[in-house]
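S.K.: Shown below is the structure under consideration.
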Amino acid sequence: MRGREVLFWLFVAGFVWVIGDLFQQYAAKYVGISRGIPLSNTNQLWGLVWGIAVFGEHGGARVITGSLLMAAGAGAIALASAPAREHRRWQEAGARESARYGVDPAYVAARMVGEETAGPPVRRGLVDWLIVIGATAVFIGFATVARVPALAINGIWAGALVVALVAFLVVGGVALWRATRLV
């Protein structure tokens, strides 16, 4: 397979990575950076399970043990609660950065707790639309020369993991909606 034929798949992987980063930003915002970032970095566990179960990769005992240890750490972080002084320091940092960059303190305070604030509507300019059109054209261009690579896949495990991922997406989406009321 020539390099040009796989570029589309690399672009798709990058796109999926960016979607994950968006969710990571929500996690940092709503559960705090000290818990949100470590929890979001458990994506390596999903990669390990997909690699071993679906694609038949051979994971060493150290890799599996290390991943289980990381999962236990992520569980401990998820169950931890931040003390009041951490919240105070968070607010102090927000006030400090608000003063440094000349941003309205009420806006910063509202956004720190996940509230929307009134402001002028954001309008997209010509450059924004040109970037979107250009990026879409690059994806379409690479898709036209892409070939699906021949991979040995365990369909049962792939199906089970897709179901698990969709379940986590639904549960996380509902929790995010309850916290933010975003549609």
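The values are calculated or read from the model by the stated rules, or taken from the named source; none is laboratory data. All values reported here derive from a predicted model rather than from experimental measurement. Neighbour counts are summed over all protein chains in view; Cβ atoms, including those assigned to glycine, are modelled from backbone coordinates with ideal geometry. Each accessible area value is taken on the protein alone, full model and side chains, heavy atoms only, with ligands, DNA and RNA left out. Shrake-Rupley method; radii C 1.70, N 1.55, O 1.52, S 1.80 Å.
S.K.: Among the numbered criteria (1) open to solvent by 60 Å² or more (accessible area, probe 1.4 Å); (2) within 25 Å of the chain's Cα centre (by Cα); (3) under 27 Å from residue 178 (Cα atoms); (4) among the hydrophobic types (A, V, I, L, M, F, W, C), which one does residue 132 miss?
M.R.: Of the numbered conditions (1) open to solvent by 60 Å² or more (accessible area, probe 1.4 Å); (2) within 25 Å of the chain's Cα centre (by Cα); (3) under 27 Å from residue 178 (Cα atoms); (4) among the hydrophobic types (A, V, I, L, M, F, W, C), the odd one out for residue 132 is (3).
S.K.: Identify, from the list 54, 108, 113, the residue that is open to solvent by less than 100 Å² (accessible area, probe 1.4 Å), touching a Leu at 6+ places or on another chain (Cβ under 9 Å) and either without any contact (Cβ under 8 Å) to a residue 40 or more places away in the chain or among the aliphatic types (A, V, I, L, M) (or both).
M.R.: Result of the check over 54, 108, 113: 54.
S.K.: I would also like to ask the following. Identify the single condition in (1) part of a loop (DSSP other than H, G, I, E, B); (2) in contact (Cβ under 8 Å) with a residue 40 or more places away in the chain; (3) not polar (S, T, N, Q) that residue 157 does not satisfy, given that it satisfies every other one.
M.R.: Condition not satisfied by residue 157: (1).
S.K.: Determine which single condition residue 59 fails, assuming it passes every other condition in (1) without any contact (Cβ under 8 Å) to a residue 12 or more places away in the chain; (2) over 24 Å from the mean Cα position of the chain (by Cα); (3) over 30 Å from residue 48 (Cβ atoms).
M.R.: In the conditions (1) without any contact (Cβ under 8 Å) to a residue 12 or more places away in the chain; (2) over 24 Å from the mean Cα position of the chain (by Cα); (3) over 30 Å from residue 48 (Cβ atoms), residue 59 misses (3) alone.
S.K.: Here are some residues: 6, 63, 31. Which one is surrounded by 12 or more Cβ atoms within 10 Å (Cβ to Cβ) and under 30 Å from residue 109 (Cβ atoms)?
M.R.: Residue meeting the stated conditions: 31.
S.K.: Within region 53-111, which residues are touching a Gly at 6+ places or on another chain (Cβ under 8 Å) and not in a helix (DSSP H, G or I)?
M.R.: Answer for region 53-111, where residues must be touching a Gly at 6+ places or on another chain (Cβ under 8 Å) and not in a helix (DSSP H, G or I): 57, 59, 82.
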